[in-house]
1. Using only the heavy atoms of the protein chains and a 1.4 Å probe, how would B:TYR62, B:TYR54 rank by accessible area, largest first?
2. Specify which residue in the list B:ILE136, B:SER124, B:CYS172 is farthest towards the positive end of the charge dipole of the stretch B:77-195, using unit charges on the beta carbon of Lys, Arg (+1) and Asp, Glu (-1), about the Cα centre.
3. Assuming 0.890 mPa s and 25 °C, estimate D for the stretch B:12-69 with Stokes-Einstein, Rh taken as the Kirkwood radius over Cα pairs, in µm²/s.
4. Ordering A:LYS120, B:LYS185, B:LYS16, B:LYS8 from largest to smallest accessible area (1.4 angstrom probe), what's the sequence?
5. Provide the FRET efficiency to the nearest 0.05 for the A:GLU59-B:GLU149 pair, computing r from the beta carbons and using R0 = 45 Å.
6. List the trypsin sites (Lys or Arg not before Pro) in the stretch B:36-87 that DSSP assigns to loop (not H, G, I, E or B) and whose Cβ has at most 12 other Cβ atoms within 10 Å. Which are they?
7. For A:LYS21, place a label point 7 Å from Cα along the Cα-to-Cβ direction in every copy; what are the distances to the other copies, in nm, shortest first?
8. Within the set A:LYS84/B:LYS153; A:LYS185/B:LYS84; A:LYS131/B:LYS181; A:LYS58/A:LYS120, which residue pairs have Cα atoms separated by over 22 Å?
2 protein chains.
Amino acid sequence: MPNQKPKKRMAADERKDQIVKVAMTLFARNGFRGTTTREIARQAGISEAVIFKYFSKKEGLYNAIIDARCNDTQGQDRLIGAMKGKHGREVFVGIASFIISEHRNDPSFMRLLTFSALEKHDLSEIFIKRKGLELIEFMEGHIKGLIREGIFKDLDPAIAARAFMGMVLHYCISQELYRMKRYFKRPDSVVIDTFVDIFFDGMRRR
Amino acid sequence: MPNQKPKKRMAADERKDQIVKVAMTLFARNGFRGTTTREIARQAGISEAVIFKYFSKKEGLYNAIIDARCNDTQGQDRLIGAMKGKHGREVFVGIASFIISEHRNDPSFMRLLTFSALEKHDLSEIFIKRKGLELIEFMEGHIKGLIREGIFKDLDPAIAARAFMGMVLHYCISQELYRMKRYFKRPDSVVIDTFVDIFFDGMRRR
DNA sequence: AAGGATTGAAAGCAGGTGCTTACTTGCAGT
DNA sequence: ACTGCAAGTAAGCACCTGCTTTCAATCCTT
């Protein structure tokens, strides 16, 4: 279905944003190669030439998406702020809840990232380096603290952080990408609690 | 580079196998849409018409790959056989080692599966249902046993099994697909031990 | 050695795709 | 109201891609 308001003329910036938004949706659904500029134009309710007026090559759309999704600081700031008051176990519940809710709110972004990784574009690389590693390092720091306090066992914090991220991310990916939600349904809150139970007790000194 | 032995003529079955093998490599590298039948022909050292003699449509190649990778029983049988003597902790080390070594031996297959999931072909669906769920159910059974023996806490075995699988699979995927092995290098054996430490102690009654 | 069957190549077609060119339409400032 | 400029379109080019057709080379059987 073409766009909601088939407004005839738009200011350049407004039009650019709209085109990028449409491209994001279609790249997430069909990948970069699987999306034609004709289809982007159709969905945006414009002619193809407009796209090439603003983005000299199709690749340019990908770069605009990278700008839009890798330079906003809201997401991670929001999380790290929300973590400030929390201690011990709660931090892990907070991180897992954050990741899962981000995926549930916009499942298409994970498809976009995965396509980008497979098709070897820069989006996944930049996003993971800028956003993913930031989160991992935050967790590593928290884990290191708990080890220093003698609450956690002395395991490699980098591996431990990736173990927890693995549980949570693979849950999201398998639910959406492999469409496991057809066969495996549990309330997210129960899944999160179980993951944190396993991880936190697994790390704790006995 | 075209194929090793540019043998002029081949028997039909032999040629079919060769074409499927080439297609698998290219689909894993560039996806179904990103691979042209011309390129498959070139890599196989034949003309395009030969491909369409054996596979009436490009789609047919995908189905042949499904046959080749989803109907062999060697992989899983080998694992479950190897697990037979093992108890408790060792079983999880065995499973993790098995999964990681399969990925290291043929990293391209994971790309193929992921492309298939994104492009909504049947390969990933069939493979995961036939191979993935089998492994998960095997783990669930083992976990249930340990709960019944009073060794493990009474957590949902389905969630627990997926927690462990998540750690291991996401490690493999992030290493290869997101090319994390550039930034995160640990011996696989250390990673496996740490994962199992966390999971096994996390599940254990205290 | 003959002849039918099978494997293979060469060329091309119809439709699709990224991108360009040449042109028209509507808006803002005077 | 006029006009200069930015926003938009229609048409098409050159190349690509799945797939077909037509015909030549090679093998197997007798």
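1. Largest accessible area first, the list is B:TYR54, B:TYR62.
2. Result: B:CYS172.
3. In µm²/s, the coefficient is 223.
4. B:LYS8, B:LYS185, A:LYS120, B:LYS16
5. Efficiency, from the Cβ-Cβ distance: 0.20.
6. Hits after loop and neighbour filter: B:LYS57, B:LYS84.
7. Taking the point 7 Å beyond Cα along Cα→Cβ, the inter-copy spacings are 5.1 nm.
8. Long pairs (Cα-Cα over 22 Å): A:LYS84/B:LYS153; A:LYS185/B:LYS84.
The values are calculated or read from the model by the stated rules, or taken from the named source; none is laboratory data. Every value quoted in this text rests on a predicted model; they were computed, and no experiment measured them. Glycine gets a Cβ as well: all are built from the backbone with ideal geometry, and neighbour counts include every protein chain shown. Each accessible area value is taken on the protein alone, full model and side chains, heavy atoms only, with ligands, DNA and RNA left out. Shrake-Rupley method; radii C 1.70, N 1.55, O 1.52, S 1.80 Å.
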